[in-house]
Amino acid sequence: MYSLDGFTWQRGETLASNPEVLAAGIAVYLGIVLVLPKLLQGKAVPPPTFLAATHNLVLCLGSAVMFVGCAYEAVKEIVRSRDSTWLFCLPLDTKVEGPLWFWSYVYYLSKYYELLDTVILILKCRPLSFLHVFHHSVVLAMAYFWLDSAQSLQVMGLLFNTGVHVVMYYYYFLCTVKRAPKWK
């Protein structure tokens, strides 16, 4: 049986660990952002409600799993090491291996799936803000570099982002199924 303790990030060996994969992912994303609206010529082709709702629910539940998994492993490490300073400043010799880095890897891979948000917006002929496109491109690169260079604060960033995404994608799910929450 696979153990989270056995996870190791190895550039060129771990799935999607080559910088070329990252560059290609961002290039394809930006190409879609530029070309798909022109192909649609202003005619909306919204995905079926079921698909859009499922997409939002997958991101909500996936974010919850990443949040809980990472938080659990962070607390375990704090208790084991009797230290929490690593949350803010990792030692220079940190190896990208073990359960916390596994959750960072899952987070990184999830950012590719999250790019479908933009495709859904384009299919609905919704305008894309520069911030939206920039955010999706940069967060994908950021998640890659967290792993590739053992970045400090990656656990805090992952917890913050996935925590926000649980609420955000739950809200989007409710709106997609026409059950807008009362707390909006």
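Select from Phe67, Val96, Asn56 the residue farthest towards the positive end of the dipole of the range 19-176; place +1 on Cβ of Lys and Arg, -1 on Cβ of Asp and Glu, and compute about the Cα centre.
Asn56
Where nothing but the Cβ of Lys and Arg (+1) and of Asp and Glu (-1) is charged, how large is the charge dipole of the range 23-117 around its Cα centre, in debye to the nearest 20? If you can, show how the numbers build up before the last one.
On the way: 7 positive and 7 negative charges, 51 e Å.
Computed charge dipole of the range 23-117: roughly 240 debye.
Let's test this: bin the Cα-Cα distances of the chain at 5 Å from zero up to the farthest pair and state each bin's percent.
Going out from 0 Å in 5 Å bins, the chain shows 1, 7, 15, 18, 18, 15, 11, 8, 5, 2, 1, 0 percent.
Tell me, what HN-Hα J-couplings in whole Hz come from the Karplus equation 6.51 cos²θ - 1.76 cosθ + 1.60 at θ = phi - 60° for each residue of the range 103-117, using x for Gly and Pro?
Going residue by residue, I get 5, 5, 5, 4, 4, 4, 4, 5, 5, 5, 4, 4, 4, 4, 3 Hz, with x marking Gly and Pro.
Could you check which residue among Leu87, Leu116, Leu131 shows the biggest mean-square fluctuation in a GNM of the chain with a 10 Å Cα cutoff?
Checking each option, the largest mean-square fluctuation is seen for Leu131.
Could you pull out the trypsin sites (Lys or Arg not before Pro) across the range 1-79 that fall in loop regions by DSSP (anything but H, G, I, E, B) with no more than 15 other Cβ atoms inside 10 Å? Don't jump to the answer; show the numbers that get you there.
Values: sites: Arg11, Lys38, Lys43, Lys76; in loops: Arg11, Lys43.
For trypsin sites (Lys or Arg not before Pro) across the range 1-79 that sit outside H, G, I, E and B with at most 15 neighbouring Cβ atoms in 10 Å, the list reads Arg11, Lys43.
What number comes out for the charge environment of Phe102, summing +1 per Lys or Arg and -1 per Asp or Glu over other residues with Cβ under 12 Å away? Intermediate values should be presented prior to the final figure.
Numbers: positive: none; negative: Asp5, Glu73, Glu97.
Cβ neighbours under 12 Å give a net charge of -3.
Hey, what did the chain get for relative contact order, percent, Cα under 8 Å, at least 6 apart? Walk me through the intermediate numbers first.
Values: 181 pairs, mean separation 73.0, N = 184.
Relative contact order, the chain: 40 percent.
Roughly speaking, what is the stretch gain from Val58 to Leu39, that is 0.36 nm per residue apart minus the C-alpha to C-alpha distance, in nm to one decimal?
Length difference between fully extended and current span is 4.1 nm.
How high is the FRET efficiency from Leu109 to Ala180, r the C-beta distance, R0 22 Å, rounded to 0.05? Mind showing how you got there, number by number?
Values: r = 31 Å, r/R0 = 1.39.
The formula returns an efficiency of 0.10 here.
Assign unit charges at the C-beta atoms only (+1 for Lys and Arg, -1 for Asp and Glu), then state the dipole size of the chain relative to its Cα centre in Debye, rounded to the nearest 20.
The calculated dipole for the chain is roughly 1040 debye.
Run the helix sum for the chain: -39,500 (n - 2.57) per DSSP H stretch of 4+ residues, divided by residue count, reported at 222 nm to the nearest 500 deg cm²/dmol.
On the way: 6 runs with 121 residues, N = 184.
Result for the chain: -22500 deg cm²/dmol, rounded to the nearest 500.
Between Ala71 and Thr94, what is 0.36 nm times their sequence separation minus the Cα-Cα distance? Round to one decimal in nm.
Details: separation 23, 0.36 × 23 = 8.28 nm, distance 1.90 nm.
Value of the extension gain: 6.4 nm.
Report the label-to-label distance for Val133 and Asn18 in nanometres (one decimal), using points 7 Å from each Cα along the Cα→Cβ vector.
Inter-label distance under the simple model: 2.7 nm.
Residues in the range 96-132, backbone N under 16 Å from the label point at Val79 (7 Å along the Cα-to-beta-carbon vector): list them, ranges by number please.
99-100
Quick note: the coordinates plus some simple rules give every number you see, no bench work behind them. All of these numbers come straight from a predicted model, not from anything done at the bench. Don't worry about glycine lacking a Cβ; one is built from the backbone with ideal geometry, like all the others, and counts go over all protein chains shown.
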